[in-house]
Amino acid sequence: MNMSMTILRQLKSSGIPIRLLTSPSLSTSHIAAVKLHQHCLQCRLIHKVHRPMKYKPEPVNPLYEDPELNVMPEREEYDELWLHVRGYDFAPVESYARFLHRFTLNLDQSATQDAVPPRTWDIATFKPRSELSDHEYKLKKFHRLIKVSGLPNNIISLMVDMATRHLPAGVELTVGEPDEELIEFMYVPDADLIALKKELEDVENQDL
């Protein structure tokens, strides 16, 4: 009893408010111990840390988004592009031209493949220190043409990159616009039409 009274005096002198419980099952010393436990510094810190906090979420303002960010850029399309495949060996030129044609079709592009007549050169080598011919060669350069129409500008870089990666040795690849001189070179005259024109000229000459 003396010990409990001593604890009560210490609590009163420290300024801690004390409220005695009227429950008969609790002794005075037990009540004082509970009050001292609740007001010690360490327990107050623990009680403060674990105390549930009342959090009120602040209203979230929507972020500003530029309406032009969602606008897709305009895609320009080429009217027609020509892919020229050239080489001195017929087999790799023909094989690579077919591969390039299939690859263009797989990109959902409109493409056609045409055969261009080969260009022929007569090459002669001479004997040392003379004008006598040593060897004569006929050199042919084969040419295949792939015409692509309506190709978007954002796909041409991908197509050219893939085409150059698979380019076989000894084969040339060039990309350009339609060439009028090549169109005339590709034109194969009709023998029947030439014969009819010749007959017409003969008839006109006879009338004169």
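When residues of segment 125-163 are filtered for being surrounded by fewer than 16 Cβ atoms within 10 Å (Cβ to Cβ) and without any contact (Cβ under 8 Å) to a residue 60 or more places away in the chain, how many remain? Final tally of qualifying residues: 22. Given the criteria touching a strand residue (DSSP E or B) at 6+ places or on another chain (Cβ under 8 Å), at pLDDT 90 or above, over 27 Å from residue 74 (Cα atoms) and of a type in the set (A, V, I, L, M, F, W, C), does residue 124 qualify? No; evaluated as a whole, the condition is false for this residue. Taking segment 71-108 as the range and being among the hydrophobic types (A, V, I, L, M, F, W, C) and more than 16 Å from residue 154 (Cβ to Cβ) as the test, the residues that pass are 82, 83, 85, 90, 91, 93, 97, 99, 100, 103, 105. Please name all residue pairs, on different chains or six or more residues apart, with Cβ atoms under 8 Å, provided the first residue is in segment 164-189 and is in the same structural domain as residue 149 (by TED's automatic domain parsing) and the second residue is hydrophobic (A, V, I, L, M, F, W, C) and in a loop (DSSP other than H, G, I, E, B). Taking only residues 6 or more apart or on different chains, the pairs are 173/167. So, of the residues in segment 50-85 that are exposed (fewer than 10 other Cβ atoms within 10 Å of the Cβ) and touching a helix residue (DSSP H, G or I) at 6+ places or on another chain (Cβ under 8 Å), which turns out to be modelled with the highest pLDDT? If we take residues in segment 50-85 being exposed (fewer than 10 other Cβ atoms within 10 Å of the Cβ) and touching a helix residue (DSSP H, G or I) at 6+ places or on another chain (Cβ under 8 Å), then 76 is modelled with the highest pLDDT. Against the conditions (1) in contact with a helix residue (DSSP H, G or I) (Cβ under 8 Å, 6 or more places away or on another chain); (2) among the β-branched types (Val, Ile, Thr); (3) surrounded by fewer than 10 Cβ atoms within 10 Å (Cβ to Cβ), residue 116 satisfies every one except (3). Scanning segment 96-106 turns up no residue that is at pLDDT 85 or above and touching a Phe, Trp or Tyr at 6+ places or on another chain (Cβ under 8 Å).
The values are calculated or read from the model by the stated rules, or taken from the named source; none is laboratory data. What you are looking at is a predicted structure, and each value in this text was computed from that prediction instead of being measured. Counting neighbours? That spans all protein chains shown, and the Cβs are built from the backbone with ideal geometry, glycine included.
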